[in-house]
Amino acid sequence: MKHYAVRRLLQLIPILFAITFLSYGMMRLAGSDVVEQKMENTGGTVSQEMIDAAREELGLDKPFIVQYVTWLGKLAQGDMGVSYVSGKPVFSTFVSKLPATLLLAVVSILLTVIVSIPLGIWSAVNQNKAADYVIRTASFIGNSLPNFFVSLLLMYFFAIRLNWFPVISRDVSLQSVALPSVTLAIAMSAKYLRQVRATVLDELSKDYVLGAKARGVKFSTTMMKSVMKASLVTIITLLTLSIGSLLGGTAIVESIFMWDGVGKMAVDAINMRDYPIIQAYVMWMAVIYVLVNLVTDVSYRYLDPRIRLGGTEQ
Amino acid sequence: MNRPVTVRVQKVKKNRIRTRLFFFLFLAVILVLVSFFADQIVPYDPYAQDLGLSRQPPSPAHFMGTDQYGRDVFSRVVVGAKASVFSTLVLVCVTSVFGTVTGTLCGYFGREIDSVVMRISDVCLAFPGLVFALAIAALLGGGMSNAVIALAVISWPKYARVARGQTLALKNSDFVAAAKLAGDNSAQMILRHILPNILGPILVTAMLDIGTMMMELAGLSFLGLGAQPPVAEWGNMMSGGRSMLQTYPWLVLSPGVAIFLTVVTFNLLGDTVRDYMDPKNSGS
């Protein structure tokens, strides 16, 4: 188990390097007009000397590899440079946006779990009955609605017509997190309901369920003690995958509700061509994804004895 | 015994699935035709501004109302199909073909190509969809074709993996060994024996992908990274109407409902194709 986790960690190093290189290279390729853009923002006429001076100041005149290595060295010390737009350090800007994204992620995950697990199980237990059809139809509709449309519908009905929630979140509070988290939860629940249902159906068709029934074990006991436990692997995979994308902030939903998180920061940065911020964001996403995959793999082994025993290291 | 009965039940089921398949295929073809001939069938010029008719509520003449420049919303929604449906189909076709080809080659030849390409796909998959799309859109600038490229880069590994897995499984099968003994070279082997056998799962993946890709593409346009105004596209129409949600909700609702119904159609078609391909439902 420990060996496995360590080996997986070591495998991550080349992937992380590739990602830093790609994200740096990509942004540098596009970054040629940053200085001009910065000058335009300040207004007035700009001479070539001023542009060259600014390039030198930002280190844009050196060869690409030198720039990359310098950037990587600084990155290792937690220095991600300063935002081209606000002039503030990227790292602290980034950290200041994290709590909002974390709150949104936690609330929407909780909502998703509360909705999708019981409904998925209920739907599986009542397979092909009315409840099952209703739940499946709802999940299908949820799957076919783009989240920006859901956001705007919720905003229209609950914020504008009924006035229950603020249209724009001015602060990070439970009341303002409601609509964005419901939006995210609708999309996620729709997807996970199906998976939970399929997993539970699969478990229910196994022999041990019939065996337990024959021995007179109560159905609810079998359900809680065996089926749920066996379905946990699927549920955990789904949750870790969503945690990954949620921690990156959900660009669209955060922008619509003006939720001051990481995703909105990224969209704003792209519109302003604020490359250091975009780089930091892409790096953050990559690190999260890689770590989430690691945690998923390791927790699989822990939860599922078949994988654990089948894959023991020699 | 009950075997004949089971077979009959399965045949009925198969026929029902086939009817459903034709129905949804018919709907999807209509949508595609609308998107192709959008310019010919719209009642008004979708780009003609008439400020005197600005922000009209839905009426018999303009049954989805008009926007802030007095453009007919219905005409814009129809023309929007051209951007959304057509771009999505191009995107899905290109990524599925590219992914299938690379995946099949990786699975068939293995070794270095396989590990290099699979590591590249790992890196592409390391980013969640929209993030990579955002980064590419930031790099190449906005625009529908750049949004399509961005989504193509992140979605080909999915097909490559399906194709690779299927190819690996087929490579060890008896008929492939027999073909090899009969003297087929690699190209014949891939084209005649492997590709025809892996197309089913690829087709199902592609059909189920259309709805998702359409939503992601519209999402990029919504964020201003896809189709640029004044081009009529569902995502950017909704983004444009969003500030007037309170007073002129039809500006958001019309394209919203259009994209929802289109995605529903393609998703139902995808589900049906999956059921149709599922050997559990085959009547023979």
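Annotations
- The calculated FRET efficiency for the pair residue B:101 and residue B:247, based on their C-beta separation and a Förster distance of 45 Å, comes to about 0.30.
- For the protein assembly as shown, the solvent-accessible area works out to 49 Å² per residue, with a probe of 1.4 Å and every protein chain left in place.
- The residues B:42, B:73, sorted by heavy-atom accessible surface at 1.4 Å with ligands and nucleic acids left out, run B:42, B:73 from largest to smallest.
- Of all accessible heavy-atom area on the protein assembly as shown, the percent that carbon and sulfur account for (1.4 Å): 66 percent
- Extended-chain gain in nm, criterion 0.36 nm per residue less alpha-carbon gap, residue A:6 and residue A:272: 91.7 nm
- Cα centroid separation, region B:214-284 to region B:174-200 (Å): 39 Å
- Only helices enter the 222 nm calculation for chain A: every DSSP H run of n ≥ 4 contributes -39,500 (n - 2.57), and dividing by all residues gives -25000 deg cm²/dmol, rounded to 500.
- Modelled FRET efficiency - R0 45 Å, residue A:64 with residue A:137, Cβ distances, 0.05 increments: 0.25
- Mean separation of Cα contacts under 8 Å (6+ apart) over length of chain A, as relative contact order %: 25 percent
- Top of A:237, A:183, A:137 by mean-square fluctuation, Gaussian network on chain A, Cα under 10 Å: A:137
- Annotation: extensible slack from residue B:257 through residue B:111 equals 47.7 nm (criterion: 0.36 nm per residue apart, minus Cα-Cα distance).
- Accessible surface of residue A:224, taken over heavy atoms with a 1.4 Å probe and every protein chain present, rounds to 130 Å².
- Among the lysines of chain B, pairs at least eight places apart or on separate chains and with Cα atoms under 12 Å apart come to 4.
- Relative contact order [Cα under 8 Å, 6+ residues apart], region B:1-132, whole percent: 17 percent
- Computed over region B:2-281: relative contact order in percent, which uses C-alpha pairs under 8 Å that are six or more apart: 24 percent
- Shielding of peptide A:252-265 by partners, expressed as the average count of other chain Cβ atoms within 10 Å per residue Cβ, is 1.
- Choice from A:194, A:136, A:215 with maximal GNM fluctuation in chain A (Cα, 10 Å cutoff): A:215
- With the whole protein complex present, residue B:280 retains an accessible surface near 150 Å², based on a 1.4 Å probe.
- For the residues B:260, B:175, B:37, a GNM of chain B with alpha-carbon springs under 10 Å puts the largest fluctuation on B:175.
- Shielding by partners, peptide B:213-223 (average Cβ within 10 angstrom, other chains): 4
- Based on DSSP H segments of at least four residues, each scored -39500 (n - 2.57), chain B has a per-residue ellipticity at 222 nm of -23500 deg cm²/dmol.
- Region A:154-208: chymotrypsin sites (Phe, Trp or Tyr not before Pro) in DSSP loop, at most 13 other beta carbons within 10 Å: A:164
- Distance between region B:41-77 and region A:199-270 - C-alpha centres, whole angstrom: 44 Å
- Calculated translational diffusion coefficient of chain B (4 °C, 1.567 mPa s; Stokes-Einstein with Kirkwood radius over alpha-carbon pairs) equals 61 µm²/s.
- Ranked by how many other beta carbons lie within 10 Å on average, peptides A:98-110, B:246-258 from highest: B:246-258, A:98-110
- Anchor residue A:225: aspartates and glutamates whose Cα lies under 20 Å away (excluding residues fewer than 8 positions away in-chain): A:202, A:203, A:207, A:304
- Folded to 0 to 90 degrees: helix A:275-303 orientation relative to chain A principal axis, Cα: 20 degrees
- Computed with every protein chain present, the accessible area of residue B:93 is close to 80 Å² [probe 1.4 Å].
- In range of the label at residue B:13: residues from region A:191-208 whose backbone nitrogen is under 18 Å from the point 7 Å along Cα→Cβ: A:198-199, A:201-206
The values are calculated or read from the model by the stated rules, or taken from the named source; none is laboratory data. Note that this is a predicted model, so its numbers are computed, not measured. Cβ sites come from the backbone with ideal geometry, for glycine too, and all protein chains shown count toward neighbours. Ligands, DNA and RNA are stripped out before the accessible areas are found, and what is left, the full protein with its side chains, is counted by its heavy atoms. Shrake-Rupley method; radii C 1.70, N 1.55, O 1.52, S 1.80 Å.
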